[in-house]
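The values are calculated or read from the model by the stated rules, or taken from the named source; none is laboratory data. Computed from a predicted model, the values in this text were never measured in an experiment. For neighbour counting, all protein chains shown are included, and Cβ atoms are generated from backbone atoms with ideal geometry for every residue, glycine included. For accessibility, only protein heavy atoms count, side chains too; no ligands or nucleic acids. Shrake-Rupley method; radii C 1.70, N 1.55, O 1.52, S 1.80 Å.
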Amino acid sequence: MKRRTALSIIVMLLITQAFSQIKSKQKSATMTPTEHYTFQLSDKVTRQKVTFKNRYGIQLTGDLYLPKNEGSAPLPAIAISGPFGAVKEQSSGLYANQMAARGFAALAFDPSYTGESGGEPRNVASPDINTEDFSAAVDFLGIQKNIDRSKIGIIGICGFGGFALNATAVDKRVKAVVTTSMYDMSRVNAEGYFRSLTLEQRTKMLTEMSLQRWEDAKNGTPKYPANGLGQTNEKSPQFVKEYYDYYKTERGFHPRSLNSNAAWTATNTLSFMNMPLLTYIKEIAPRPMLMIAGEKAHSRYFSEDAYKNAAEPKELMIIPNAVHVDLYDQLDKIPFDKLEAFFKEHLK
């Protein structure tokens, strides 16, 4: 139990403080944000930058991927976002690129307050607004002349897996939903891993964030923690090393990704502490759900528990030997054939 509690505290620091503002020495750090993607654009796909507003008036920026040989019939479409703290030039764009090559219109977008999307202050997350971001993406897709609004699905990666499920439960326009390496951000913040956060620890966190609000109000700007994940060492938890290997190296680094070189506000997790995301997960039915997780992922139990609580039709797919971040970008482990078959079956 002590080990889980210690792990929980480390995870909470990771999520609330994200990653320290250190300068990457990788080659990708020298590239401008507009030209740097962490993957190669398929020669079967076109990519166009688009903007649209959510219900709160925040302008979101995304990349719309289309198959080059799309034909004359309106396309089925997929809205994609995540991981938590990432940008569209990273994992969500890779997914969109792959799905467009398989015949779908795919929109990878930056959530509110991050990346190229609007919203002030910067680097803030919200269970409500980030759920709304998915519905705003559905708004955009549904008014495009080359897209069939009756055939729209969504993919949520990591922390945006929970938002994707929440959005699907409330937004009946979404016909099918997929999550990969899902995090339930409300649960991990409120309880810690495996419910290891004690009431004393939770109260301490809430007290510190509550008091920080006065400091932010006095200063007129939020505090951005300077400490967080810097260099890892042999004592670092394995999942922290895996995050570092993706966000802090040429593999996944991006100048606009706060996980690569910035931080969430010090009070960012306040809204997650008592607003459960998956309360109405059963209301996704009768629309289909596919949840994908790595066999060795530290986050695997989030998908397993959500699967147990959901109603049919549902499917849980465990990828052998995969860890959490493998489903960000490892093409030999992300089951794109399964994703293609799932959406072709259910977006028709």
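Every condition in (1) in contact with a helix residue (DSSP H, G or I) (Cβ under 6 Å, 6 or more places away or on another chain); (2) open to solvent by 30 Å² or more (accessible area, probe 1.4 Å); (3) assigned to a loop (DSSP other than H, G, I, E, B); (4) under 30 Å from E215 (Cα atoms) is met by P255 except one, and the failing one is (1).
Of all the numbered requirements in (1) outside any loop (DSSP other than H, G, I, E, B); (2) hydroxyl-bearing (S, T, Y); (3) within 24 Å of A79 (Cα to Cα), T279 misses one, and that requirement is (1).
Residues in the range 298-333 that are in a loop (DSSP other than H, G, I, E, B) and open to solvent by less than 10 Å² (accessible area, probe 1.4 Å): S299, A310, A322, H324, V325.
Quick one: is S42 among the polar types (S, T, N, Q), under 23 Å from F342 (Cα atoms) and in contact with a strand residue (DSSP E or B) (Cβ under 8 Å, 6 or more places away or on another chain)? Taking the combined requirement at face value, the residue does not satisfy it.
Among the residues of the range 23-37, those that are more than 23 Å from G103 (Cβ to Cβ) and either at pLDDT 95 or above or not polar (S, T, N, Q) (or both) comprise K23, K25, K27, A29, M31, P33, E35, H36.
Restricting L206, L107, L197, L165 to those that are surrounded by fewer than 19 Cβ atoms within 10 Å (Cβ to Cβ) and either of a type in the set (A, V, I, L, M) or under 15 Å from A86 (Cα atoms) (or both) reduces the list to L206. Can you find a residue that is without any contact (Cβ under 8 Å) to a residue 60 or more places away in the chain, in contact with a helix residue (DSSP H, G or I) (Cβ under 9 Å, 6 or more places away or on another chain) and open to solvent by 10 Å² or more (accessible area, probe 1.4 Å) anywhere in the range 244-252? No, there is no match, as no residue in the range 244-252 is without any contact (Cβ under 8 Å) to a residue 60 or more places away in the chain, in contact with a helix residue (DSSP H, G or I) (Cβ under 9 Å, 6 or more places away or on another chain) and open to solvent by 10 Å² or more (accessible area, probe 1.4 Å). Among the conditions (1) among the aliphatic types (A, V, I, L, M); (2) modelled with pLDDT under 95; (3) surrounded by 20 or more Cβ atoms within 10 Å (Cβ to Cβ), the only one that A73 does not satisfy is (3).
Within the range 258-272, the set of residues being assigned to a loop (DSSP other than H, G, I, E, B), in contact with a Lys or Arg (Cβ under 9 Å, 6 or more places away or on another chain) and open to solvent by less than 10 Å² (accessible area, probe 1.4 Å) comprises just one member, T265.
Scanning the range 266-302 for residues that are among the hydroxyl-bearing types (S, T, Y) and either touching a Ser or Thr at 6+ places or on another chain (Cβ under 7 Å) or modelled with pLDDT under 95 (or both) returns T269, S271, S299. Of everything in the range 192-214, what is within 30 Å of D326 (Cα to Cα) and free of Cβ contacts under 8 Å to residues at least 40 places away in the same chain? Give them in sequence order. Of everything in the range 192-214, just one residue is within 30 Å of D326 (Cα to Cα) and free of Cβ contacts under 8 Å to residues at least 40 places away in the same chain, namely R195.
Quick check on K308: is it over 20 Å from G85 (Cα atoms), at pLDDT below 95 and among the basic types (K, R)? Steps first, answer last, please.
Working: over 20 Å from G85 (Cα atoms): yes; at pLDDT below 95: no; among the basic types (K, R): yes.
So K308 does not fit the description; no.
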